[in-house]
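The values are calculated or read from the model by the stated rules, or taken from the named source; none is laboratory data. All of these numbers come straight from a predicted model, not from anything done at the bench. All Cβ positions, glycine included, derive from the backbone under ideal geometry; neighbour counts span all protein chains shown.
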Amino acid sequence: MTTENEIRECLDGVIVPGVKRSLIGMNLLRSVTLGNHTAKITLAKTALSDGAQEWTENKVKEALSRLPDLNTVEIAFAEAKPVELNEIKNVIAVMSGKGGVGKSLVASLLGISLARQGNEVGILDADITGPSIPRIFGITDRPNGSDSGILPVLSRSGIEIMSINLLLPSEEDAVIWRGPLISRAITQFWEEVLWGKLDYLIADLPPGTADASLTVMQTLPINGVVIVFTPQDLVEMIVKKAVNMAKLMGKSVLGVVENMSYFTLPDSGKQVELFGSSKGQEMARSVGAPLLARLPIDPELARLCDAGEIERYDADVLQQLAETFLNATSSK
């Protein structure tokens, strides 16, 4: 006799149109009722257009027709808000005390490194006025959805991404909004985007400690914060601003990442600290959190980011970032 687990296994092969993840991965399966050779399936219609619902219904019936004990399959669609469906195990904020330190780069590399460890990952680009995540990943597709929700765009390696730049007529259009509108957009990215089931959602915060960062801290169930900095003399004061904000909001600092830490000479392999001596360990001790990684100035990484192919980057530092991050989170 057909079991619910067999039903779920079949539906895990049915891809949601517009996002290319399964019905199970997007958590759209609401209930399964099995009777006398009959299955009644209830799916959430969240973020699905009428055409997408019809397509999904046909694909579900086609998938379940392979089960020999089922003669009849009935499909029903139910209302549900995205925030009611999202099951996100860990929400991680990546922040910095100032701009220009490579915060979006670190958020992207952290997401990629975690995905390579077998995790389901999403990136919420909360830097509304300076979004760069789509360009780094080479994403130009507009999000799909309906009046009931928005579907994130999937990167080449399967990372879910949502950014204001994906909703603008042109990626070069300026977002000239005051604080309340920016905060509302961030809230919508959390409440009205169907993220589905994720192991990690990385929130790329704007620089500083103003309205947008405050909205993320207050609206999202942040599990921890990663602080990004560069080896400069002003770094300690700036890092402590970000750390103090996280602590005031009751969020733990999981670790720090020093970006642009050194440059490796191609002929000799010698590491040259172009911006002065590394302050990674010093900052880690000051913050009371581990140094997750020292990221180099890597021309190859810069080239891949410019080409929208950051997911092709392969360096030992990526595995190190994932391992130290996972160790830091497991100890909390």
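Could you tell me which residue of the range 249-267 is surrounded by the fewest Cβ atoms within 10 Å (Cβ to Cβ), considering only residues that are farther than 18 Å from Arg294 by Cβ and under 24 Å from the mean Cα position of the chain (by Cα)?
Gly250
Residues of the range 192-219 being assigned to a loop (DSSP other than H, G, I, E, B) and surrounded by fewer than 22 Cβ atoms within 10 Å (Cβ to Cβ), which ones?
If the condition is that a residue be assigned to a loop (DSSP other than H, G, I, E, B) and surrounded by fewer than 22 Cβ atoms within 10 Å (Cβ to Cβ), then Glu192, Pro207, Gly208, Thr209, Ala210 are the ones that fit.
Going through the range 148-163 one residue at a time, which ones are farther than 20 Å from Tyr313 by Cα and not hydrophobic (A, V, I, L, M, F, W, C)?
Ser148, Gly149, Pro152, Ser163
Against the condition over 19 Å from the mean Cα position of the chain (by Cα) and assigned to a helix (DSSP H, G or I), how does Thr46 come out, does it pass?
Judged against the criteria, Thr46 is not a match.
Taking the stated definitions as given, is Gly308 closer than 20 Å to Lys103 by Cβ and part of a loop (DSSP other than H, G, I, E, B)?
yes
Considering only residues of the range 253-305 that are of a type in the set (Lys, Arg) and assigned to a loop (DSSP other than H, G, I, E, B), which is farthest from Ile133 (Cα to Cα)?
In this case the residue turns out to be Lys270.
With the checklist (1) touching a strand residue (DSSP E or B) at 6+ places or on another chain (Cβ under 6 Å); (2) more than 30 Å from Pro296 (Cβ to Cβ) in hand, flag the one item Gly51 doesn't pass.
(1)
Out of curiosity, is Leu167 assigned by TED's automatic domain parsing to the domain that holds Ser261 and free of Cβ contacts under 8 Å to residues at least 60 places away in the same chain?
When the stated conditions are applied, Leu167 passes them.
Yes/no per residue for (1) under 15 Å from the mean Cα position of the chain (by Cα); (2) without any contact (Cβ under 8 Å) to a residue 12 or more places away in the chain; (3) not assigned by TED's automatic domain parsing to the domain that holds Val153:
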{"site": "Arg184", "(1), (2), (3)": "no, yes, no"}
{"site": "Lys197", "(1), (2), (3)": "yes, no, no"}
{"site": "Ile222", "(1), (2), (3)": "yes, no, no"}
{"site": "Asp233", "(1), (2), (3)": "no, no, no"}
{"site": "Met245", "(1), (2), (3)": "no, no, no"}
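Evaluate the following for Val272: is it of a type in the set (Val, Ile, Thr) and crowded, with 20+ Cβ neighbours inside 10 Å?
No; evaluated as a whole, the condition is false for this residue.
Residues to consider are Glu6, Glu54; find the one that is more than 22 Å from the chain's Cα centre (by Cα), modelled with pLDDT under 95 and assigned to a helix (DSSP H, G or I).
Glu6
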